[in-house]
1. In square angstrom, rounded to the nearest 10, how much accessible surface does Glu209 have for a 1.4 Å probe?
2. Just the number, please: Stokes-Einstein D of segment 538-597 in µm²/s, Kirkwood Rh from C-alpha pairs, 20 °C, 1.002 mPa s.
3. At a Förster distance of 60 Å, what's the computed FRET efficiency of Leu112 paired with Glu476, Cβ-Cβ distance as r, to 0.05?
4. Quick query: amide H of Asp558 versus all other amide H atoms, modeled in the peptide plane; which residues come in under 5 Å with a sequence gap of 5 or more or a different chain?
5. Classify segment 357-474 as rounded, prolate or oblate, taking a ≥ b ≥ c as the square roots of the eigenvalues of its Cα gyration tensor: rounded when a/c is under 1.5, otherwise prolate if a/b is larger than b/c and oblate if not.
6. Using only protein heavy atoms and a 1.4 Å probe, report how much of Asp360 is accessible, in Å² to the nearest 10.
7. What is the extension gain from Ile275 to Ala579, computed as 0.36 nm multiplied by their sequence separation minus the C-alpha to C-alpha distance, in nm to one decimal?
8. Ranked by accessible surface with a 1.4 Å probe, highest first, in what order do Tyr228, Tyr173, Tyr219 come?
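The values are calculated or read from the model by the stated rules, or taken from the named source; none is laboratory data. Since the model is a prediction, treat every value here as computed from it, not as a measurement. Every residue, glycine among them, receives a Cβ derived from its backbone with ideal geometry; neighbour counts consider all protein chains shown. With ligands, DNA and RNA removed, areas are computed over all heavy atoms of the protein, side chains included. Shrake-Rupley method; radii C 1.70, N 1.55, O 1.52, S 1.80 Å.
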Amino acid sequence: MSNKPTQSTLSKPIGSGEASSPLSVGRRLWPYLKPLISVAIAAVLSLALVAATEAGIPALLKPLLDHGFGAQGNIKARWIVPLAVIGLAFVRGIAQYASGYLLQYVSNRILLQLRLKMFERMIHASVGFFQRETASTVINAIVFEVNQILNVLMGVLVTAVRDSLTVVFLLGYLFYLNWRLTLIVAVLLPAIGWLVSKINRRLRRLNREHQLLTNALSYVVEETVGGYKVVKVHNGEQYEMSRFGEMSRRLRGYQMRMTISGGLAQPLTQFLASIALAIVLTVAVVQASHDQTTVGGFVAFVTSMLLVISPLKHLIDVNQPLQRGMTAAELIFGLIDEPSEPAGGGKPLERARGQIEFRDVGFAYGAGGRPILGGVSFKAAPGEMIALAGPSGSGKTTLVNLLPRFFDPTGGQVLVDGVPLPDYDIHALRSQIAMVSQDVTLFNDTVANNVAYGETADPERVKNALRAANLWDTVEALPDGMQTLVGDNGMKFSGGQRQRLAIARAIYKDAPILILDEATSALDSESERHVQAALETLMQGRTTLVIAHRLSTIERADRILVMEAGRIVEQGSHRELLAHGGLYAHLHQIQFQQSAA
């Protein structure tokens, strides 16, 4: 489109809203989790069992050390305790397997629902969304970033639940063994919590900036791949390497800053824990000298305390992936919250007569944006061929994009069969319109499915459409005929063949309204002659809006509207406009001189 909206004239990019918190993400995930709540509870109970068995190990050490060692030791304690350790390990293994399986089941079901919801919102988003967002950003959100949520559900949830419960059970056992020593450990917990909260804020900001840079880097790759011919012809390899290298170095810098911030938590926590351990050892020696503790009690306490350090470390380490998950959540829920395009008033439209009216239509991108169209009014009778001519940027493509409601006018009305477009169900309206633009889009599917896109392919109808588009001989000669895959955006076909395949798609749809935006621009003279004849047959009884820069292709139009600066400045037949000697005659003279040269 010649008048593409800028970033500032559209709504904010996805994921650029307020920062997400674990609580807000939890609220957003609740509707997806609710149907699976029984499975999730079973998974949490399994994790609780795993955590409980952690405290069982030091609990078994105490009677073994106090009563099972030495010549006078209890015989039962010597054998029962080792057997209990084996039984504890068996229960722990079963619980770990059950929790892992159940959480995978829950998280993958949620992942599926999120991905489907994101794709649904994307496919129903307005045209403005696709002009605002790069393909790499949307792909990252739907394919990759949603896996960050999976990591949160799996890694973070498992660690948070299992290790939190492990800490609770071990602290409870520590308090039971020796409440004085436990108070020393408990004093450190607020200090660790304060430390983590300070690191959290910095990590969240760095993660958000890292995500934006990752999207920008993906876009550089996307542009380079898409424009490889331009890169090679203009010897732009070094320029692209420099651009990619600079972005990659900035990304590396953010990654290192994240590593520094995230890595500080663990050594600081271990240092605080070592101070607590030194104090505990000192107090325990004093207590032992006064017969206030036993060897078994002391070993069980120190073992429990050391076991607490590991889950505490895991809880600290979970902070960095948690912040990555929060950043991913902003992108994911930003896409899920993207408003859908208007569905219309619900009025059905079985088969339009094809009467089109633009009534004092104005259009501008965004509030206060530069007007693209102003005061455009004309009518097209059923079966009439209306051509739009004018210099680039005059608003021709914007005008025809209002008909299928890619955008709504900011002033005036567009009507089909005397009914304003917003009154129609949007899908019913678009089913009446076939469109071929200069930018051909083909899907990596069979020829037949590309021609019959959106419908079940009827081989005979596909064959007739290909014949009408002067492409049947080419398709018939392919190894698999109509069942041949066309490749990425039709890479197996030439430019002219791709254009004709798109025309065949419009012919197959058999809609009463046709929009041809430079539909024959990529055709050679011979192919254009055949396709033009096919289009003329097709246009009989159908209302057609044709945009063409090559004025020779629209000479047979019933009426030509000449546009300049978003307004209709001339209209009439080819002969009338030439005789008038205005803008159309000037454009025609320039093209005639160029073709003669």
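1. Counting only protein heavy atoms, the figure is 60 Å².
2. Value of D from the Cα-based Kirkwood radius: 173 µm²/s.
3. Using R0 = 60 Å, I get an efficiency of 0.90.
4. Placed amide hydrogens put Met385 under 5 Å from Asp558.
5. In terms of gyration-tensor shape, prolate.
6. The accessible area of Asp360 comes to roughly 90 Å².
7. Here the segment from Ile275 to Ala579 would lengthen by 99.7 nm.
8. Tyr228, Tyr219, Tyr173
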